[in-house]
1. Can you tell me the relative contact order of region 212-254? Whole percent, Cα pairs under 8 Å, sequence separation 6 or more.
2. Provide Rg over Rh for region 47-180; use the alpha carbon set for both Rg and the Kirkwood Rh (inverse mean inverse pair distance).
3. Mind checking the dipole of the chain: about its Cα centre, +1 per Lys or Arg Cβ, -1 per Asp or Glu Cβ, Debye to the nearest 20?
4. Quick one: what are the phi-derived ³J(HN,Hα) couplings along region 215-222, Karplus 6.51/-1.76/1.60 with θ = phi - 60°, whole Hz, x for glycine and proline?
5. What label, among (1) 36, 24, 20; (2) 33, 28, 24; (3) 41, 25, 20, belongs to semi-axes √(5λ) of the Cα gyration tensor in Å computed from the structure on display?
6. Percent relative contact order of region 267-489, based on C-alpha pairs within less than 8 angstrom and at least six residues apart?
7. Could you grab the Rg to Rh ratio for region 138-203? Cα atoms only, Kirkwood for Rh.
8. If amide hydrogens are placed 1.01 Å from N in the peptide plane, which non-local residues have theirs closer than 5 Å to the one on ASP126?
Amino acid sequence: MDGIVGLYGLDDNELLTKAFLATGACQHRGKASTGLGIATAKGIYIHKGLGRIAEVIDHNIINTFQDLEPVAAIGNIGYTKRKIAESINAEPIEIRPRTGSEIRVVVTMDGYLIKEDDLRSELEPDYDLQTDNKTEIIGALLHKYITQEGISFEAGEKLLDKLSGRATFALTALVHDGKEIYLITLNDAKAFEPFCYATIDGTFIASSESCSHRRLNGLTTNEYDGAEMTICSSNGIETRRLREEPLMPDIFQGVYFGNVASLFRGKEIFQIRRELGLELTDHYKASRADIVIPNPESGWGVTVGIAEGLKKELLPALIKLPQAVRTFQEGGRQARSQAVGLKFGGIDSLLKDRNIAMGDDSIVRGSVSEGGSVWVVYNAGATFIEFWISYGPMFFPSFKEWHRGIECLYELAAQRAFKDDNPYDKSLDEINRAVAKLVGVDEVKYNLKERIKAVAGPGSFQALDASYPIDEEFWPDWLKKEFDRFNRYR
């Protein structure tokens, strides 16, 4: 879940500053690496490194590249794809054909490709693939099709055909044909990954989230539908939808991952989360809580709705400490537990001897209980915790975790709560009780899929029902068996 941007602006003397700000606005989407690709009349330059944007790019770098009179730029905020981030895999990535080519492509991508070994074997005779980053595979395919079809929508159609059913992506690419610079954007046919664009003061800006446009004092014009491609050049800017399929946006990115001020399929993410809280209180009705508190930061939106629905006081009694890191991006269970232990502080005067309704976006693995927010609230003197969850019980792992094997299934809280059984034939109340016991709270109150869909709209609910954007032929065998089990019991 990287954050990506792409900008095209002829004669924009603040293009690099805008690229920095637009990319930095997506910092919540990744912490592992940062990179910019800068295109000028003389060529394409890349500056990237490990760490957050302020650790990799400073005003001197921005001024240096701006002096080269850039016409386009792409940016990346890298998500933690591996236990240890490696600089060679940082983006943007330059595609390197083995023989001479007038076409130069530098690409960055938010998304994921399944089982790429056959594609790698196909490309290796013609391309020097230097990383194990899936973005390089997709970028090499893009280069191949541009070489065949020119810088055209036909090249985009070929890429969509090749990746159909086995990849989700939103990409930005700088292309130089030996004469001029082009900016290309393209997303998968299901629009699984969030992607939007706007023209602000004459500069075209595509981004993973609309918060980039707001950072530049503009408004998002459109969220990309599936299989939409934009080509920017000195001849103008043209966007086309190359094919029409039912859209399948990743609902979890609206529920959890996105910036609360961003749009998700036309709706502000904060309001999505608030309305999910209202749906929870409409379903469960009663509460023993004296006060309502958020599990910060992504728990704020749903908690506003919970407090509103219960008509109880909302207090910031659990605070996120300055040394906090985003623990969902930690690969190992022990690392997550240690990080969560540094993440929160509780305010005793607000929590002591109180019954608490705590709102959160989801329970994925249940690591909130391992020295984290639940422990902090009880340690501050709370006598009772209701854990209200805006999402439903997560039975299946993200397809981006499949490469880790069946472990990514068994570590989910809803699976661990029924270790010697299965969760699929259980009522929501039974699941609530079992997961409450697992994570160490008095009550868990999960949301229902139909209520989430009513608020966020249709899309992929992959963790709830295996509605993956990936065709079954690319699923691992262990998942196919588990899905059969799910259907048998459910």
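1. Values: 31 pairs, mean separation 12.3, N = 43.
Relative contact order, region 212-254: 29 percent.
2. Working: Rg = 15.4 Å, Rh = 16.0 Å.
Ratio value, two decimals: 0.97.
3. On the way: 58 positive and 72 negative charges, 284 e Å.
Using only the charged Cβ atoms, the result is roughly 1360 debye.
4. 5, 9, 6, x, 10, 5, 7, 8
5. The value computed from this structure is option (3).
6. Working: 395 pairs, mean separation 42.3, N = 223.
For region 267-489, the relative contact order is 19 percent.
7. Working: Rg = 12.7 Å, Rh = 12.9 Å.
With Rh from the inverse mean 1/r over Cα pairs, Rg/Rh is 0.99.
8. For ASP126, no residues qualify.
Read-outs throughout are calculated quantities, based only on the coordinates presented, and are distinct from any laboratory measurement. Since we're looking at a predicted model, the values are computed, not measured. Note that each Cβ is placed from the backbone with ideal geometry, even for glycine, and that neighbours are counted across all protein chains shown.
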